[in-house]
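Read the figures in this text as sums done on the coordinates, not as results from a lab. This structure is a prediction, so every number in the text was calculated from the model and none was measured. When we count neighbours, we look across all protein chains shown, and the Cβ atoms used for this are built from the backbone with ideal geometry, even at glycine.
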Number of protein chains: 2
Amino acid sequence: MPQNKQIHLDNRPVGEATASNFKLVVSETPQLKEGEVLVRHHFLSLDPYMRGRMNDAKSYAQPQALGQTMGGGTVGEVVASKNAKFAVGDKVVGMGGWQQYSVVDAAQPGALRKVDTAHIPLSAYLGAVGMPGVTAWYGLVKIIEPKAGQTMVVSAATGAVGSAFAALSKARGCRTVGIAGGPDKCRYAVDELGFDACIDYKLHMDAPSLSRALKEACPKGIDGYFENVGGMVLDAVLTRMNAFGRIAVCGMIAGYDGAPLPLSYPALILVNRLKVQGFIVSEHMEVWPEALKELGTLVATGKLKARESIADGLEAAPEAFLGLLKGRNFGKQLVRLHD
Amino acid sequence: MPQNKQIHLDNRPVGEATASNFKLVVSETPQLKEGEVLVRHHFLSLDPYMRGRMNDAKSYAQPQALGQTMGGGTVGEVVASKNAKFAVGDKVVGMGGWQQYSVVDAAQPGALRKVDTAHIPLSAYLGAVGMPGVTAWYGLVKIIEPKAGQTMVVSAATGAVGSAFAALSKARGCRTVGIAGGPDKCRYAVDELGFDACIDYKLHMDAPSLSRALKEACPKGIDGYFENVGGMVLDAVLTRMNAFGRIAVCGMIAGYDGAPLPLSYPALILVNRLKVQGFIVSEHMEVWPEALKELGTLVATGKLKARESIADGLEAAPEAFLGLLKGRNFGKQLVRLHD
């Protein structure tokens, strides 16, 4: 069995997460038991939710255990199998974690899923045709419930969720406006992802300034907002929401370091009769087949061209992850573990 | 035709509302035209939403016009009629405003509604069997969607909305906890209104302290919250919400004077996958018949004993209203205009 590099959570962040919270460990891969499969990981997905799990705090997910391999989504290839349903060479998606190989009890429902790479690249199963894509789908379709002609806004617009959101929103006939950091991302959002407009939040020092930019980009106001960041951006968007607007709260990355992140004008929820709803896509597995079908078609037909930011080698994962938390990635953040 | 005392909005509040914002005016009652009805008001309803209308700000309701009679719900008796559907002596509920008499074009749908006073006192149509009651009903039934055994919390618990909320929530088999100001109100909430517990927010200087009291009163956490006040109370409740909790936002009285009223931990909406939804009952007229039927039965059978705070005479209305905004009322705040 091959040697396996892993990254463990060594200690919990105090405030901002740092590279010293992680530790590289080399271990032997255990022998397979009956029903198990050995997966060689091609890509590891880095996602903002992982920051929340690094804290030892009440949250929707169990905290990441100390001294254990960091959890995370992976795609790869079966290299050994003691399970009749998986053959060597099968391409699979699972939760292999921050390591080069994983041994998976493939009998557990949902633990490992075979995927087709004829029309969809393997890495897309960690992005547009994976958890981030379904996240965008659930927030848009099930919480925001868009109508053609309405205006939809998403923050972190060029990320994996934002990219999918744009394609799904445009497919429903909505004006679709992104919020992203920097001119390159904003240009990319409009030129490649199909956004009607994209606002560079870094040009705005406060919520009133961002609110004015939103007014220009959303002349009919905002009917649906998909929240990935929180803080000033949410404050600004709230001032432009139309009556009966819907806000799907998927992330508040601005608050993950534990700094207080108040909402300045909650009374707008009442004034505009808004619905603000938090959700976690893994609690809605029933929608995955429908969502993945639409997302797969969008990718296969070139309507969803999701960009990837790929770090090379497991050792690069901590820095890539810390960069993601600061918005330094451009598109879906992946780590290449094996070719 | 009788002389008619009215209270006009003379000027808009700067910060806190004061008695000098209002002006008493005496006018002649105009002659009735075809289709009109003259109503002699017995009671005027005072409600927190009126404070919002005094501002010249974007809100769900049009601002109250300056130099015009303050709007408001009234119950009274028809004393002259040029409309075949209304006879002298009929008891009616309408939006007569802060005045002793109103001339109503009774042909307009919903302008005037005849009510039965055999089993339900006339004043109850401004409270438990009126707009406040339906407000409680809509928030509980349509937004919170309670299940038997869950825990429901309401702020301003002894007010008209809170009283109705308690009866409706108990009828659905929920543990029902109130938040009110002062020991008298809290005792009344438990002894007379059927609350399982009531917390005196005046005993708590900050949200963490109130949160601890909520933990004790709601050992299984909070599944549904009906928000009337905002501010510290909302901050504290948010820390005790269970996963998938629902918050119906009906009022944020603490912010009506224009002071900023931030929400300290909006990330809890995500962490606990909450739904937070604002609403205005007048936009949901379709539920009124069903709601009024249940509320009328609760009052007629003595299961909803709503207390009233009655100020005497139109001249007392401004002070009673300002007291309401400070929580000085105890139960539904009314003004008696005529016996």
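So the values come out like this:
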quantity: Trypsin sites (Lys or Arg not before Pro) lying in DSSP loop within the stretch A:57-92, provided at most 15 other Cβ fall within 10 Å; calculated: A:Lys58, A:Lys82, A:Lys85
quantity: Residue-count net charge about A:Ala311 - beta-carbon cut-off 13 Å; Lys, Arg +1, Asp, Glu -1; calculated: -1
quantity: Proximal aspartates and glutamates to A:Lys202, defined as alpha-carbon separation beneath 14 angstrom and excluding residues fewer than eight positions away on the same chain; calculated: A:Asp184
quantity: Cβ-defined net charge surrounding B:Cys186, 15 Å radius [Lys, Arg +1; Asp, Glu -1]; calculated: -2
quantity: Span from the the stretch B:260-324 Cα centroid across to the the stretch B:122-161 one, whole angstrom; calculated: 6
quantity: Candidates per trypsin sites (Lys or Arg not before Pro) in the stretch A:189-294, loop by DSSP, up to 16 other Cβ within 10 Å; calculated: A:Lys220
quantity: Gaussian network model of chain B, Cα within-10 Å springs - most flexible of B:Met205, B:Met70, B:Met95; calculated: B:Met205
quantity: Sites B:Arg212 and B:Ala148, calculated FRET efficiency, Cβ-Cβ separation with R0 22 Å, nearest 0.05; calculated: 0.20
quantity: Separation of the A:Val25 and A:His338 label points, Cα + 7 Å toward Cβ, nm; calculated: 2.1
quantity: Length added when fully stretched, B:Val190-B:Asp105, from 0.36 nm per residue minus Cα-Cα; calculated: 26.3 nm
quantity: Proximal charge balance of A:Asn242 [Cβ under 9 Å; K/R count +1, D/E count -1]; calculated: +1
quantity: Fraction of beta bridges assigned by DSSP in chain A that are antiparallel (%, nearest 5); calculated: 55
quantity: Per principal axis, descending, Cα span of the stretch B:131-282 in whole Å; calculated: 33, 32, 31
quantity: Inter-copy separations for A:His119, label at 7 Å along Cα-Cβ, nm, ascending; calculated: 6.3
quantity: Given charges at beta-carbon only (K, R positive; D, E negative), |dipole| of the stretch B:35-150 in Debye; calculated: 140
quantity: Over 30 Å (Cα to Cα) - which of A:Lys142/A:Lys332; A:Lys147/B:Lys170; A:Lys220/B:Lys23; A:Lys220/B:Lys114; A:Lys33/A:Lys142 fall in this group; calculated: A:Lys147/B:Lys170; A:Lys220/B:Lys23; A:Lys220/B:Lys114; A:Lys33/A:Lys142
quantity: Loop-located trypsin sites (Lys or Arg not before Pro) in the stretch B:158-190, at most 10 other Cβ atoms within 10 Å (DSSP); calculated: none
quantity: Paramagnetic reach from A:Glu283 in the stretch A:131-154 [backbone N under 14 Å; point 7 Å along Cα→Cβ]; calculated: A:139, A:143
quantity: Cross-link reach list, aspartates and glutamates versus B:Lys303, counting only Cα pairs under 13 Å and skipping chain neighbours closer than eight places; calculated: B:Asp191, B:Glu192, B:Glu294
quantity: Overall Cα dimensions of the stretch A:83-204, principal axis frame, Å, largest first; calculated: 53, 30, 24
quantity: Euclidean distance between Cα centres, the stretch B:223-244 to the stretch A:18-76, Å; calculated: 34
